[in-house]
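The values are calculated or read from the model by the stated rules, or taken from the named source; none is laboratory data. These figures come from a predicted structure and were not determined experimentally. Heads up, the Cβs are rebuilt from the backbone with ideal geometry, glycines too, and the neighbour counts pull from every protein chain shown.
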Amino acid sequence: AYLRQLHSAETQLQCFLAVDDEYALRQAALIDSRLAQGEDVGPLAGVPIAVKDNLCTQGLQTTAGSRGLHGFVPTYDATAVARLRAAGAVVLGKTNMDEFGMGSSCENSGYQPTFNPWDTKHVPGGSSGGSAAAVAAKQCIAALGSDTGGSIRQPASFCGVVGVKPTYGRVSRNGLVAYASSLDCVGPIAQSVADAAAVLTVIAGSDLADATCSQKPVEDYTAGLLPLDNLSSKPLAFKRLALIQEACGEGVDAGKSGLRHIVVAGVTAALAGAVRHLQELGAEVEQASDRPATYYVIALSEASSNLSRYDGVRFGQRGAADELKNMYASSRHSGLGSEVQVARRILMGTYALSAGYYDAYYKRAQQVRTLVRREMNMALGRFDALLCPAAPTTAYRVGEKSCDPLSMYKGDLMTVNLNLAGLPAVCLPCGFSGQAAGNALPVGMQLIGRAFGEADLLKLAHIYE
Ligand code: GLN
């Protein structure tokens, strides 16, 4: 049934880069027969899942959205994928993304744009736009995404679904095509907090193949969710939350009222509604402040180093050339995304790391990163969670920002500090914004929690939801 829905929605949405029906059906049949024999097949037995194309899947092409990796078929599964399969999940296919995770709209894929299921004239967000749109269009029950600076949360927000960015090191990065290694996180996108918790419980946990993966034991995030029929009237009493001031200020869509249209609600109004709802549930909501981000200096410096491996020798496409240096140049030129994003980013990163500029940019950014981490952790000493929108606007129109990289970078302001601090967040729908006449688009909010506090955070989000 899910494969049928996948193919029928696909002509309009283009969420997938690879689908293997036969393989998925064989997996499902195998699980079915094991179930029939009374075997315990795992907590996700038969659940159809999609995987972002920057996670290695054994025997299934993995391109990270890049033409440069066209034809690369991994010989192994990323740890998160292997754990899903071991828990009985059925992988339906690989989802579209901005090349190497660089972008916020899914328009920067080397293959195809993906469209937003709520309105196909709009982008689904990015870089995990294929995963978020596929979940929203019910092409799968849940999907894996990755989040370096918002790539799970912002598309979840644009597509009206739930996305979880775990604490850095909670989920193994083994088999994830690296963008910025000190920021990259793998996490679930799902239709509900409970579904996301079920997937996270399976994929989280230590892994010898990733030295930055934490040894901390994994809680059963599903078991911690309170049964909703049994809640007191103020289930969030004694919870203290802080609304990040800057995230509701300048540059955030505050809506407008027009002559011919009913008032356009705006992101800030949707968030104010969410705050009221949290207060009704008993939470105290105060205000807190956040520091501007230094994300792009760090992310692009790491990316310029990580992407140097695509030289045409070991992975993907090799360009034609008469000698070695020219082969590097032609492989990178033909394979790595049109200058539009990837080349510009490699150049910016290389510049920030070069002698003479290193202290001014990279070192300084690392210092600010320490301050961001310290301040967010201090705030989380006083509050149970921090609250802000996942993006300053709802999904914009296809093409609207593709020629204006700065305005696209600014759209990441709500999400990137969290990656700098390594903290976890749940993004969940909190309302709609748009002209009331049926063309409103979803607004998502983030609840940010303490490091390795996923269980508490998911509990809170589940009660809100
Ligand atoms: N949009 C941000 C970027 O382009 C974040 C992407 C991500 O989290 N992978 O860098």
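Kindly indicate which of Gln317, Gln279 is closer than 20 Å to Leu457 by Cβ and among the polar types (S, T, N, Q).
Gln279
Among the residues of the range 341-361, which ones are outside any helix (DSSP H, G or I) and either touching a helix residue (DSSP H, G or I) at 6+ places or on another chain (Cβ under 8 Å) or within 14 Å of the ligand (Cβ to nearest atom) (or both)?
Matches in the range 341-361: Gln341, Tyr357, Tyr358.
Give me a count of the residues in the range 32-52 that are of a type in the set (A, V, I, L, M, F, W, C) and farther than 9 Å from Val90 by Cα.
4
For the range 300-335, which positions are among the basic types (Lys, Arg) and at pLDDT below 90?
If the condition is that a residue be among the basic types (Lys, Arg) and at pLDDT below 90, then Arg314, Arg318, Arg332 are the ones that fit.
Please state which of the following conditions Gly335 fails to meet, knowing it meets all the rest: (1) buried (at least 18 other Cβ atoms within 10 Å of the Cβ); (2) within 16 Å of the ligand (Cβ to nearest atom); (3) over 30 Å from Ala270 (Cβ atoms).
So the condition that Gly335 fails would be (2).
Which is more than 16 Å from the ligand (Cβ to nearest atom) and out of contact with any His (no Cβ under 8 Å at 6 or more places or on another chain), of Leu243, Leu183?
Only one candidate qualifies: Leu243.
Of all residues in the range 380-426, which are of a type in the set (A, V, I, L, M), touching a residue at least 24 places away in the same chain (Cβ under 8 Å) and within 13 Å of the ligand (Cβ to nearest atom)?
Ala390, Ala391, Met408, Leu413, Met414, Val416, Leu418, Leu420, Ala425
Which residue is surrounded by the fewest Cβ atoms within 10 Å (Cβ to Cβ), if the candidates are limited to the range 125-180 and must be of a type in the set (Gly, Ala, Ser), in contact with a strand residue (DSSP E or B) (Cβ under 7 Å, 6 or more places away or on another chain) and under 23 Å from Ile298 (Cα atoms)? Walk me through how you get there before you give the answer.
Let us first name the residues in the range 125-180 that are of a type in the set (Gly, Ala, Ser), namely 125-134, 136-137, 142-143, 145-146, 149-151, 156-157, 160, 163, 169, 172, 175, 178, 180.
Now restrict to residues that are in contact with a strand residue (DSSP E or B) (Cβ under 7 Å, 6 or more places away or on another chain): 128, 130-134, 142-143, 145-146, 151, 156-157, 160, 163, 175.
Subset that is under 23 Å from Ile298 (Cα atoms): 128, 145-146, 151, 175.
On the way: Ser128: 37, Gly145: 34, Ser146: 29, Ser151: 35, Gly175: 23.
Looking at residues that are of a type in the set (Gly, Ala, Ser), in contact with a strand residue (DSSP E or B) (Cβ under 7 Å, 6 or more places away or on another chain) and under 23 Å from Ile298 (Cα atoms), I get Gly175.
I need the helices (runs of 4 or more DSSP H) fully contained in the range 108-208, keeping only those with at least 3 residues that are over 15 Å from the mean Cα position of the chain (by Cα).
Ranges flagged: 193-203.
Pairs, please: C-beta under 7 Å, at least 6 apart or cross-chain, first residue β-branched (Val, Ile, Thr) and in the range 33-44, second surrounded by 15 or more Cβ atoms within 10 Å (Cβ to Cβ)?
Val41/Ile31; Val41/Arg34; Val41/Gly88
Report yes if Val297 is at pLDDT below 95 and more than 19 Å from Leu418 (Cβ to Cβ), otherwise no.
No, not satisfied.
Select from the range 1-28 the residues that are closer than 15 Å to Ile141 by Cβ and charged (D, E, K, R) and list them in ascending order.
The answer is Arg4, and nothing else.
Within the bounds of the range 438-447, is there any residue that is more than 16 Å from the ligand (Cβ to nearest atom), among the hydrophobic types (A, V, I, L, M, F, W, C) and within 27 Å of Val202 (Cβ to Cβ)?
Taking every residue of the range 438-447 in turn, at least one turns out to be more than 16 Å from the ligand (Cβ to nearest atom), among the hydrophobic types (A, V, I, L, M, F, W, C) and within 27 Å of Val202 (Cβ to Cβ).
Every residue, every condition in (1) more than 12 Å from the ligand (Cβ to nearest atom); (2) among the basic types (Lys, Arg); (3) in contact with a Cys (Cβ under 9 Å, 6 or more places away or on another chain); (4) more than 23 Å from Ala180 (Cα to Cα), yes or no:
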| position | (1), (2), (3), (4) |
| --- | --- |
| Val81 | yes, no, yes, no |
| Gly101 | no, no, no, no |
| Gly110 | yes, no, no, no |
| His122 | yes, no, no, yes |
| Gly125 | no, no, yes, no |
| Lys138 | yes, yes, no, yes |
| Ala142 | yes, no, no, yes |
| Asp147 | no, no, yes, no |
